[in-house]
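The values are calculated or read from the model by the stated rules, or taken from the named source; none is laboratory data. Note that the structure is a prediction, hence the values are computed from the model and not measured. With ideal geometry, Cβ positions are generated from the backbone for all residues, glycine too; neighbour counts draw on all protein chains shown.
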Amino acid sequence: MKNRKNMANQFINKFTLMAIICLVFFACSEKPSRKEQEPNLSLKEAFKDEFYIGSAINRFQIEETDSVMASLLGREFNSITAENIMKSMIIHPQRDTFNFELADKFVALGEKYDMFVHGHTLIWHSQLSPWFSSIEDSLEFATATEKHVKDLAQHFKGKLGSWDVVNEALNEDGTLRNSIFLKKMGENYLASAFKWTAEVDPSADLYYNDYNMTNPEKRQGAIRMVKKIIDQGIKVDGIGMQGHWHLNSPTLEEIEQSILDYSELGVKVAITELDVSVLPNPWDLEGAEISQNFENSEEMNPYTEGLPDSIQVKLANRYKDIFAIFLKHQDKISRVTFWGVSDGQSWLNGFPIRGRTNYPLLFDRSLRPKAAYDSIIALKKRFDIKNQTN
Ligand code: G3I
């Protein structure tokens, strides 16, 4: 009995010794974990050789009232667009009054983080300062519009990388929107706006920007319109495809073909307002026509308690597929800007139905990166590895 106990003890001692040796061996030989090996890439670092990664920012982000948000913005993005504060209603509230305070802070923030700063927008029929509509006489309207464009371009001269000179001038069938600018000034307002801006700030890139730019009829209209301006010898540097998209539309083919078609004009293509709505789409509404609004209901607002994993995965795959196209055509794309940093901030919580809970961006309401963020970074890492081995 004693012998057997001794043998058992000897066996346990040998076993323990071997286990310790193995543990020490593996602990010494173990490679550093993936995390220790390569720190996580931020979005802007991941795509630094391809295109700018931007975000639209609001007044609180401009004033850096939330330090976590401020450091997230500085870490992940290298371009900013003002979501609202450079629209005429805010920046030029009365005919002789400009309100540059916030916009100047916006530019200073871009300088602080060494970002590409984009101006949004010089001519837009929406959020238009009321004084425009009070001008009856067409000639007076044209003179005031020219002054609006030139005064803004002058104030920011040399400080902005690019401007949305004209925003949303087209109908869905590609014809010109019957905006106050078209009514008062005729089609020529388009070319004039680009000419005035270029005269004042020749170094800024000048863009035409619109939603539903993947829709074939609207696409043809945009191409016709921009070509007409360029053919007059007036500078247009780029086309902005806003990119207010859904989980299933537009198709990847439509997105890719649009990038190709626009770049055929010899201009840059920017994705200027990217977000992907995961919520039911009333009457299959496309785009960002903000005059449209519908009734809220439980059926139309299904994820108030959080986004189910299955939809989180769909969103991640959708972003991965979209970014695969952007990477494929990186030589044509100057900038990819998200319309906001985090889900809680998105305009899509209020459009086209007010008071919904949407999840269209890469960071959640607590500013944590979502699966969609990881899918884009992982895609880029695979892309780089493939390119290195080719
Ligand atoms: O600032 C006022 C606030 O004082 C007031 O209490 C509140 C009450 O509703 O309204 C606030 O203004 C809102 C503003 O956003 C700032 O939050 C406006 O009502 C609201 O209409 C406005 O919506 C903006 C919309 O453009 C209209 O300008 C969205 O935030 C903005 O994301 C959206 O952005 C547009 C692009 O400029 C052009 N492309 C489409 C895109 C989405 O619609």
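Tabulated results
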| read-out | value |
| --- | --- |
| Segments classed as strands (runs of 3 or more DSSP E), wholly inside segment 238-352, with at least 1 members that are more than 14 Å from the ligand (Cβ to nearest atom) and in contact with a Gly (Cβ under 6 Å, 6 or more places away or on another chain) | 268-277, 333-338 |
| Any hit, segment 145-166, residues being over 27 Å from the mean Cα position of the chain (by Cα) and surrounded by 17 or more Cβ atoms within 10 Å (Cβ to Cβ) | yes |
| Only one of 274, 307, 252 that is in contact with an Asp or Glu (Cβ under 6 Å, 6 or more places away or on another chain), among the hydrophobic types (A, V, I, L, M, F, W, C) and under 21 Å from residue 378 (Cβ atoms) | 252 |
| Conditions (1) touching a strand residue (DSSP E or B) at 6+ places or on another chain (Cβ under 7 Å); (2) within 11 Å of the ligand (Cβ to nearest atom): number failed by residue 60 | (1) |
| Yes/no for residue 54 being small (Gly, Ala, Ser) and within 16 Å of the ligand (Cβ to nearest atom) | yes |
| Segment 297-311 - residue that is loosely packed, with under 13 Cβ neighbours inside 10 Å and modelled with pLDDT under 95 and, of those, nearest to residue 249 (Cα to Cα) | 299 |
| Members of segment 200-211 that are of a type outside the set (Asp, Glu) and buried (at least 22 other Cβ atoms within 10 Å of the Cβ) | 204, 206, 207, 208, 209, 211 |
| Evaluation of residue 357 against (1) away from the ligand (no atom under 16 Å from the Cβ); (2) touching a strand residue (DSSP E or B) at 6+ places or on another chain (Cβ under 9 Å); (3) modelled with pLDDT of 95 or more (one fails), failing number | (2) |
| Hits in segment 169-210 - residues which are assigned to a loop (DSSP other than H, G, I, E, B) and more than 27 Å from residue 109 (Cα to Cα) | 169, 171, 172, 173, 174, 175, 177, 178, 179, 186, 187 |
| Hits in segment 86-129 (condition: free of Cβ contacts under 8 Å to residues at least 24 places away in the same chain and over 28 Å from the mean Cα position of the chain (by Cα)) | 96, 97 |
| Hey, residue 207 within 28 Å of residue 350 (Cα to Cα) and of a type in the set (Phe, Trp, Tyr) or not | yes |
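Results for (1) of a type in the set (Val, Ile, Thr); (2) closer than 24 Å to residue 125 by Cβ, shown as yes or no for each residue.
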| residue | (1), (2) |
| --- | --- |
| 223 | yes, yes |
| 226 | yes, yes |
| 236 | yes, yes |
| 249 | no, no |
| 260 | no, no |
| 274 | no, yes |
| 280 | no, no |
| 314 | no, no |
